[in-house]
Amino acid sequence: MTGLTSYTDLLDLVDNLPMLVRESRRRRVLTLRDVCAQTGVSINTLSRFERRIGTVTSDSLVALIRFVADLPVDADTGDPETNTAETNSGQEG
């Protein structure tokens with residue numbers, strides 16, 4: 001996935017996100033249930049979203065974008081997972 005360079009790119013990403021989620025899920029040979037476990041998005045919401053017949057909350061939207069970008073997500077909160085060892089490695093103590 002390439003970086004976003006404009007507002008139009010962001011709109012295109014959001015517009016194409018249902019297709020991107022489905023393609024990413026299938027490419028990784030994951031079930032809807034697998035993606036739900038990784039993102040914290042309910043199976044009904046995810047299924048409807050992939051078929052473009054439902055909407056998602058902003059938290060779910062972020063979790064699904066991170067899923068497509070193959071970035072870790074905390075399934076309980078939808079927040080990005082952080083590696084505290086990496087975060088703290090540059091700090092003196």
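The values are calculated or read from the model by the stated rules, or taken from the named source; none is laboratory data. Fair warning: this is a prediction, and the values are worked out from it, not measured in the lab. When we count neighbours, we look across all protein chains shown, and the Cβ atoms used for this are built from the backbone with ideal geometry, even at glycine. Surface accessibility is based on the protein's heavy atoms, side chains included, excluding ligands, DNA and RNA. Shrake-Rupley method; radii C 1.70, N 1.55, O 1.52, S 1.80 Å.
A few remarks follow.
- On full extension, the segment bounded by LEU30 and SER6 gains 5.5 nm, given 0.36 nm per residue less the C-alpha separation.
- Length available on full extension from VAL62 to GLU23: 0.36 nm per residue minus the Cα-Cα distance, which gives 12.3 nm.
- Between ASN16 and ARG51, the modelled labels are 2.4 nm apart [label points 7 Å from Cα along Cα→Cβ].
- Among the protein heavy atoms of segment 1-53, carbon and sulfur supply 53% of the accessible surface, probe 1.4 Å, non-protein parts ignored.
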